[in-house]
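Values in this text are rule-based calculations from the coordinates and carry no lab data. As the structure is a computational prediction, the values presented were derived from the model and not from experiment. Please note: Cβ atoms are built from the backbone with ideal geometry, for glycine as well, and neighbour counts cover all protein chains shown.
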Amino acid sequence: MLEFILLSCINTLIYGLLLFMLSSGLTLIFGLMNVLNFAHASFYMLGAYFAYEVSTHIGFWPALVFAPLGVGLVGIFIERYGLRSVHKYGHVAELLFTFGVFYVVNELVILIWGRNPVAYKIPEMLDFTLMSAMGTEFSAYRAFMLLISVSMFAVLFFAITRTRLGLIIQAALTHPDMVGSLGHNVPLVFMYVFGGGAALAGLAGVIGGNYLITEPAMALNLGPIVFVVVVVGGMGSLTGAFVASLLIAALQTFAVGFEVSLSDLLALWGVSAPDAGGFFHDLLRIEISHTRGMMPYLFMVLMLVFKPKGLMGTREE
Amino acid sequence: MKDNTAASAMRPFVVKSLAILAVVAIILLLPQIFQTRFAQSLLNQIGIAVIFALSYNMLLGQGGMLSFGHAVFYGLGGFMAIHTLKMVNNGVVPIPTELVPLIGGAFSCIFGLIFGLISTRRAAIPFALITLGIGELIASCALIFPSFFGGEEGVSANRWTDVTLSPLNFGRAGEVYLLIAAWMLVCVFLMYLLTRTPLGRMANAVRDNPERARFIGYNPHMVRTIQFSLSAFFAGIAGSLFAINFEIITAHALGMMASADVLMMTYIGGVGHFFGPILGAVLVTFLQLVLANITHAWLLYFGLLFMCMVLWAPNGISGLIMLHEPVWKAGLFKKLLPSYGRALVPGLVLFLGVIILVEINYHLSLSTNPESPMSLFGIEISAQSAPPWIASLLLMTVGFLFFRKAAFQVRDAWDEVTRRMRKGEH
Amino acid sequence: MPETILSLKGIHKNFGESEIITGVDLDVFRGERHAIIGPNGAGKSTLFNLVSGLYPVSEGRMELKGHDITKLAPHRINRRGLSRSFQTTNIFPKMSVFENIRCALLWPMGFGHSFWHLCERKKALNDRSRMVLEQIGMADRALMPAGALSYADQRFLEIGITIAGGAEIILLDEPTAGMSRHEIERTVNFIREVTEGKTLVIVEHDMGVVFDLADRISVLVYGQIIATDSPEAIKKNEKVREAYLGKEAV
């Protein structure tokens, strides 16, 4: 049991920080530009594929630098030549545009790299067991992922609190209507933030793609979860996104371990469930571990119904 | 004199009725004209798609609600219908096949009311997110409630029963077409009438200015909820017809990609006019079935078409058509034609370049043996040799440059036409 | 003693730390034309937003025709017979002028959320819509999209939407804002005409309009009403002169 908790905690931390790398960019983009970037997980996918491509030709370490940069450039291009021109049609049009990007990127990835997962592997240098405690192995690559996530977090924190651009972003997050009156080149700020958010997602793809899997469905699988994180954390709140990332990660990680169903609970009370089949049969037989996939969405729907501002959000919209 | 005015007042009515009768007759006769199996299947799917897309536009176009989970109601209706059919098969209930869509629709409508209540408090982005969440929620439920959703393999039933109202027993695809066509006509008519009811008008008002609507006595939340559940009703009918047509339904029918399909289909057709989604449904379903046989890249072309619409024609095909209506009436349409012609040719060249590039890449990434020659427009080419790549890049560059030039000419032609129309007014 | 139709008791409103309305008591009588004046930032529009239900009050009680409306949503207050206009033009820009008016009539004429009636077939509804259109002088532009009207006409339409439903008490928020002298005159006559026999509460900056139109005037300064009286008495009121008229004398 202790082992399970320890292992789950580490997994939660790794998965949670990975989610935060995605949700922080999404939150910044939403907070600043009021654009819900549907294609954010596509940047994550592109990061993984770019890293795969670079690491097969040059190596993993260059990929760690070049892949996020490449994704950032793609993001800048999309903002400059696409998003900016639909801005005048309103938020729904922007959302539709990013949805279109998501769709097309998905197909382009299939076009270039095929439908099957690609062999994007953990670098050999980091492919060993760092330590094992109580029978639980902790690989060096996981430690490396933690290191990257934490340093990214530190850099992001520094950039937001110490640089000029960061201060503008902060001001814009708390007073969205004031962005225009800041006297800065707003479109340029938007472009950098969009590119930066894309690069962050790309970085998540570089370190997450080989840890999890690099396949065309990865954006579709992770994208909605990132939305959940942003909604639960509160739209436009970085701290909220951080807390929610860990929360959702914990929810999904710990659920795996519980193979308990309603009928088991009933059995504890001495009631044996009728073996009739049908809908109620299903309901009684669902193990908590099976609900792993639906848990975040249930959480999000309940959140939106009862506390639409999210955990730390200040804005309702 | 009196008779005369009465007659002239009657005339538009008569013309209208005759036009509607003609359309109905053509729709019912279509399978006699196109008798291949493929055409039968295509017509059936178009009919279903028309209902589904129009029901989606009740949200997006008329209510200003961008939903990413509309297929939930399509799927739920479909599952309900297939279970009903199954019960009829087993002799549990004697429900005539013609009325099965009604049951699917009602089932969806109930869920629409529940989900509508929780998702429509605000429109735009929060609404989009909740519908996405609900969509994913139901899709993941599908795997843990196998008794209703049938797990991976779905649920199947037999549509061929003796319990029918009409002499048909729906064994053949042609008979199913009659059922789909009848339901389609009824649904299109009802959805059209809905736009003219107090609810339909208030849905528009709430879309345009929810704040003002509150001060003329309406609660936007309630207006959206009712609109949402009615839209779910029609989506459920479409889903039921899908289930009857294919005799099987799986969880794919209510997933994210199915929602994406109807969203894109509706948008391409155009959300601003009632007939837009009909155009979208016909065009996209046609392309889907025809192109899917020819190329793997159909989804990519579909996505690119959608992106082009979002960027350059936000009102879709129907918007483009209606844009020309005043020009046509003013008799100035021929002024636009030459510039259109000049844009069309480089446009096609550009498109050809894109097609070649996409197809050779698909061949390289998807075929079992990339070295094998592939056939494109009947020409054998090798995807690994340089010529097709060079040809494609060349076509794209040339096409793009000339298309840009032509685009400016189109703009000038439009400027000229608008100037003339203004003059005509004064 | 005339009958009180709208009564505010001890109304407070704060946005976070700052208190905008600091205890307002006001009785509006049935059938009167009541103007609320005050310097910029006194909280006049906020007061309207509280009465019409757009913002929740922080403290206090509001009664409409003797019923408590303090916690009611805007549409419920509207259904009880209170209708308002906005300071900035607030219409349905993509719908036709006729459609704008007809939508405002749907609830008062009992159509609710009906999806089983066709608007075109309801003679009474359409006749009354046309009547209101004549009243606001826009019958000739009935089919134009509302967003394409001139600014002054959009303001007229806004008032048309507000009065169309036949509400007993009408709140107009700066109806003449941004209008020319000539248009203001037309508007004042128009307001007098359409609110005949109804209760009118109006926020207005233009003192000419206020003294021309109002039976009684309330002066709102820093979130409190310092005086409510007839126009003549307000002109003579020392406190009012000091707080308001002295500075922006007309």
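Quick query: amide H of C:Ile202 versus all other amide H atoms, modeled in the peptide plane; which residues come in under 5 Å with a sequence gap of 5 or more or a different chain?
Under 5 Å from the amide H of C:Ile202: C:His34, C:Ala35, C:Ile36, C:Leu172.
Can you run phi through the Karplus equation (6.51, -1.76, 1.60; θ = phi - 60°) for the stretch B:345-351 and list ³J(HN,Hα) in whole Hz, with x for Gly and Pro?
Along the stretch B:345-351, the couplings run 5, x, x, 5, 4, 4, 5 Hz.
As a test of the formula, what do you get for chain B when each DSSP H run with n ≥ 4 contributes -39,500 (n - 2.57) and the sum is divided by the residue count, at 222 nm and rounded to the nearest 500 deg cm²/dmol? If you can, show how the numbers build up before the last one.
Working: 16 runs with 324 residues, N = 426.
Helices in chain B give a 222 nm mean residue ellipticity of -26000 deg cm²/dmol.
For the stretch B:330-425, calculate the relative contact order in percent as a whole number, restricting contacts to Cα pairs under 8 Å that are 6 or more residues apart. Don't skip to the answer; put the middle values down first.
Details: 90 pairs, mean separation 40.5, N = 96.
42 percent.
What is the mean projected area of the alpha carbon convex hull for the protein assembly as shown, to one decimal in square nanometres? Kindly include the intermediate steps, with their values, before the conclusion.
On the way: hull surface 204.8 nm².
The number I arrive at for the protein assembly as shown is 51.2 nm².
Can you tell me what the convex hull of the Cα atoms of the stretch C:168-234 projects to on average, as an area in nm²? List each step's numbers first, then the result.
On the way: hull surface 19.5 nm².
Taking a quarter of the hull surface, the average projection is 4.9 nm².
Which log10 I(q)/I(0) values, to two decimals, does the stretch B:1-122 give at q = 0.15, 0.19 Å⁻¹ under the Debye formula with one point per Cα?
The computed values of log10 I(q)/I(0) come out as -0.95, -1.12.
Given charges of +1 on the Cβ of Lys and Arg and -1 on the Cβ of Asp and Glu, with all other atoms neutral, how large is the dipole of chain C about its Cα centre, in debye to the nearest 20?
Here the size comes out at about 740 debye.
Using just the Cα positions, wrap the stretch B:148-228 in a convex hull and report its mean projected area in square nanometres, one decimal place.
Details: hull surface 35.9 nm².
So the Cα hull casts an average projection of 9.0 nm².
Ranked by Cβ crowding within 10 angstrom, fewest neighbours first, how are A:Met295, B:Met257 ordered?
Ordered by Cβ neighbours within 10 Å, fewest first: B:Met257, A:Met295.
Could you work out the relative contact order of the stretch C:88-162, using alpha carbon pairs under 8 angstrom and six or more residues apart, expressed as a whole percent? Spell out each step's value before the answer.
Numbers: 70 pairs, mean separation 39.4, N = 75.
Dividing the mean separation by the residue count of the stretch C:88-162 yields 53 percent.
Please list, in order along the stretch A:205-218, the HN-Hα scalar couplings obtained from phi with the Karplus expression 6.51 cos²θ - 1.76 cosθ + 1.60 (θ = phi - 60°), rounded to whole Hz, x for Gly and Pro.
Those phi angles translate into x, 4, 8, x, x, 7, 6, 8, 7, 10, 8, x, 8, 5 Hz.
What is the distance, in nm, between label points placed 7 Å from the Cα along the Cα-to-Cβ direction at C:Phe29 and at A:Leu146?
About 7.9 nm, to one decimal.
Counting helices only, and only those DSSP H runs with n ≥ 4, report the 222 nm mean residue ellipticity of chain A as the sum of -39,500 (n - 2.57) divided by its residues, in deg cm²/dmol to the nearest 500. List each step's numbers first, then the result.
On the way: 12 runs with 213 residues, N = 317.
Mean residue ellipticity at 222 nm (helix-derived): -22500 deg cm²/dmol.
Which residues' amide hydrogens lie under 5 Å from the amide hydrogen of C:Arg84, considering only partners 5 or more residues apart or on another chain, with H built in the peptide plane?
Amide H to amide H, under 5 Å and 5 or more residues apart or across chains, C:Arg84 pairs with C:Leu171.
How big is D for chain A, in µm² s⁻¹ as a whole number, if Stokes-Einstein is applied with the Kirkwood radius of its Cα pairs at 20 °C and 1.002 mPa s? Spell out each step's value before the answer.
Details: Rh = 20.8 Å.
For these conditions, the coefficient is 103 µm²/s.
Suppose each label sits 7 Å from its Cα in the direction of the beta carbon; what would the B:Met87-B:Phe38 distance come out to in nanometres?
So the two model labels end up 4.0 nm from each other.
So which of A:Lys88/B:Lys329; B:Lys334/B:Lys423; B:Lys16/C:Lys122; B:Lys334/C:Lys94; B:Lys16/B:Lys329; B:Lys334/B:Lys405 end up more than 23 Å apart by C-alpha? Can you show the working numbers first?
Values: A:Lys88/B:Lys329 30 Å; B:Lys334/B:Lys423 18 Å; B:Lys16/C:Lys122 21 Å; B:Lys334/C:Lys94 30 Å; B:Lys16/B:Lys329 20 Å; B:Lys334/B:Lys405 20 Å.
Beyond 23 Å between Cα atoms: A:Lys88/B:Lys329; B:Lys334/C:Lys94.
List the residues whose amide H sits under 5 Å from the amide H of C:Thr70, counting only those 5 or more places along or on another chain, with H placed 1.01 Å from N in the peptide plane.
C:Met62
Counting other C-beta atoms within 10 Å, and keeping those with at most 13, which DSSP coil trypsin sites (Lys or Arg not before Pro) do you find in the stretch C:50-117? Walk me through the intermediate numbers first.
Values: sites: C:Arg61, C:Lys65, C:Lys71, C:Arg76, C:Arg79, C:Arg80, C:Arg84, C:Lys94, C:Arg102; in loops: C:Lys65, C:Lys71, C:Arg80, C:Lys94.
Taking the stretch C:50-117 and a limit of 13 other Cβ atoms within 10 Å, the loop trypsin sites (Lys or Arg not before Pro) found are C:Lys71.
Could you work out the relative contact order of chain B, using alpha carbon pairs under 8 angstrom and six or more residues apart, expressed as a whole percent?
RCO, chain B: 22 percent.
If you take the C-alpha gyration tensor of chain B, multiply each eigenvalue by 5 and take the square root, what semi-axes do you get, largest first, in whole Å? Intermediate values should be presented prior to the final figure.
On the way: eigenvalues 271, 210, 115 Å².
Sorted largest first and rounded, they come to 37, 32, 24 Å.
Under 15 Å from the 7 Å Cα→Cβ point of C:Leu143, by amide nitrogen: which residues of the stretch C:84-99?
Under 15 Å, as judged by backbone N against the label point of C:Leu143, lie C:96-99 of the stretch C:84-99.
Output wanted: per-residue J couplings in Hz (rounded whole) for the stretch A:34-50, from phi through Karplus 6.51 cos²θ - 1.76 cosθ + 1.60, θ = phi - 60°, x for Gly and Pro.
Working through the residues one at a time gives 6, 10, 8, 7, 5, 8, 4, 5, 5, 5, 4, 5, 4, x, 5, 5, 4 Hz.
Separation between the A:Arg164 and B:Gln384 pseudo-spin-labels, each 7 Å from Cα along Cα→Cβ, expressed in nm?
Between A:Arg164 and B:Gln384, the simple spin-label model gives 5.4 nm.
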